[in-house]
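Engineer: Can you read through this structure? Questions will come right after.
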Amino acid sequence: MGDDEGTLPPGSQKTRMLAGRPYHQGRDPVLVEERRVARRLVEQLDSIPVDEGEKRAETMKELFGGLVEGFYPWIERGFKCDFGRYISFGRDVYINYNVLIIDCGYIKIGDRVLIGPNVSLLGATHPIHPALRNGTQVGISSKVP
């Protein structure tokens, strides 16, 4: 995680997102492309049979920002995320059906975490005040013990 923090232009939308500041996701071609790639990888992961562990592990390595070698999370069908690269997993993690992780901020899931079905982990929000709601989002970072 944070692999590109030092190389981002200071005012880029991606820099603003990762800093937890208001940003416009659709105005940054880098963010648009990263989401496109993540969606393809999430679809690919969802289509790989559970008994093809090596193929699933390779897809997870490409999708997620941090994995413990040999301890890849068990992810049931219906998983969704925005970028994937801002999510890291500890050892022995289980993600049940239809989990959504909005990783517009860094999300770290620790060791031996079990996430139930239909859970959403939201690393971004929208401004609440009407004067500020102009299409921006605010990224936040989260850590699950």
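Engineer: If you take the square roots of the eigenvalues of the alpha-carbon gyration tensor of the range 8-128 and sort them as a ≥ b ≥ c, do you get rounded (a/c under 1.5), prolate (a/b over b/c) or oblate?
Structural biologist: Working: a/c = 1.93, a/b = 1.68, b/c = 1.15.
Prolate is the answer for the range 8-128, as a/c is 1.5 or above and a/b outweighs b/c.
Engineer: Let me ask something additional. Under a 5 Å amide H to amide H cut-off, with H placed in plane at 1.01 Å, what residues pair with L121 once short-range neighbours are removed?
Structural biologist: Counting only residues 5 or more places away or on other chains, the set is L100, I101, I102.
Engineer: Carbon and sulfur atoms: what percent of the 1.4 Å accessible area of the range 43-130 do they account for?
Structural biologist: It is 53 percent, rounded to a whole number.
Engineer: Give a residue-ordered list of calculated ³J(HN,Hα) values for the range 39-55 (Karplus: 6.51 cos²θ - 1.76 cosθ + 1.60, θ = phi - 60°; whole Hz; x for Gly, Pro).
Structural biologist: Each residue of the range 39-55 in turn: 4, 4, 5, 5, 4, 4, 4, 5, 8, 7, x, 4, 7, 9, x, 5, 5 Hz.
Engineer: So, one more: Collect residues whose amide H, placed 1.01 Å from N in the peptide plane, falls under 5 Å from the amide H of R91; neighbours closer than 5 in sequence don't count.
Structural biologist: Residues meeting the amide H criterion: D111, R112.
Engineer: Just subtract the alpha-carbon distance of R77 and R112 from 0.36 nm times their residue separation and send over the number in nm, one decimal.
Structural biologist: Full extension of this stretch gives 10.6 nm more.
Engineer: Just order 63-76, 45-58 by mean Cβ neighbour count inside 10 Å, highest at the front, would you?
Structural biologist: Those peptides, ordered most packed to least, come out 63-76, 45-58.
The values are calculated or read from the model by the stated rules, or taken from the named source; none is laboratory data. Note that the structure is a prediction, hence the values are computed from the model and not measured. Note: ideal-geometry Cβ built from the backbone for every residue, glycine included; neighbour counts use all protein chains shown. Remember, those area values only see protein heavy atoms, side chains included, never the ligands or the DNA or RNA. Shrake-Rupley method; radii C 1.70, N 1.55, O 1.52, S 1.80 Å.
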